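The values are calculated or read from the model by the stated rules, or taken from the named source; none is laboratory data. Bear in mind the structure is a predicted one, so any value in this text is a computation, not a measurement. Reconstructed Cβ throughout: ideal geometry from the backbone, glycine too, with neighbour counts over all protein chains shown. SASA here: full protein model, heavy atoms, side chains in, ligands and nucleic acids out. Shrake-Rupley method; radii C 1.70, N 1.55, O 1.52, S 1.80 Å.
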Amino acid sequence: MSFKEKIIDNCISKENQNLLINEIINNNFFPWYLNTDLTFKKGKQKRPSMSHIFINNKKQNSTKAELIYSIFSKILNKNIINCKTILQLPINTKTISYDTPHIDMHEPHIVCLYYVINSDGETILFKNKKIHKKIKPKQGRLLIFDGNMVHTAYQPKKNIRCIINFNVEK
């Protein structure tokens, strides 16, 4: 069963939006981990990113997971399977292209993307191998869509792009 994607702006309070910015982006001690290529092409696109896994296979993977649970548990209202934050830095590419289209996991799930800050680097949703919709990263925005929907994002060119990616049970 699939459903139409949904966008909720200001899904959490401004106070919690700012708390996430301070904890994740402005915190010099937040534990980011390097991905040499965000895509699944093993370095072919050469798009590095940083990530931090809060929850992996329904298990807490980070001391910061409690913060995520406290802010998002009511709005998601589902069991979180996986949750990570991804930080992409602007890179100078000669062509405008998007990262490798993908689905996050093969089990039935719902994807919830929370945009930590305003940025470029739109999220792209596909239907029948064609671009269906582009969503601009906007602070406080939550994008919800069926986990079977192929998606990706443009690499940011002007600003850092930071999202929190949730995979939740259907």
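Overview of results
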{"item": "Residues with amide H under 5 Å from that of Phe54, placed H, sequence gap 5 or more", "result": "Cys83, Lys84, Thr85"}
{"item": "Å² of accessible area per residue within the chain, as computed with a 1.4 Å probe and no ligands counted", "result": "56 Å²"}
{"item": "Rounded Å value of the spacing that divides the Cα centres of region 70-105 and region 110-170", "result": "6 Å"}
{"item": "Given charges at beta-carbon only (K, R positive; D, E negative), |dipole| of region 1-138 in Debye", "result": "580 debye"}
{"item": "Signed unit charges on C-beta, dipole axis of the chain, positive-most listed residue Pro48, Gln88, Asn128", "result": "Asn128"}
{"item": "Gain upon complete extension [Met105, Phe30; 0.36 nm per residue less C-alpha separation]", "result": "24.4 nm"}
{"item": "Set Lys58/Lys130; Lys74/Lys129; Lys6/Lys127 screened for pairs whose C-alpha atoms are more than 22 Å apart", "result": "Lys58/Lys130; Lys74/Lys129"}
{"item": "Whole-Hz ³J(HN,Hα) from phi, Karplus 6.51 cos²θ - 1.76 cosθ + 1.60, for region 140-157, glycine and proline x", "result": "x, 8, 10, 9, 10, 7, 5, x, 7, 6, 5, 8, 6, 8, 6, 5, x, 10"}
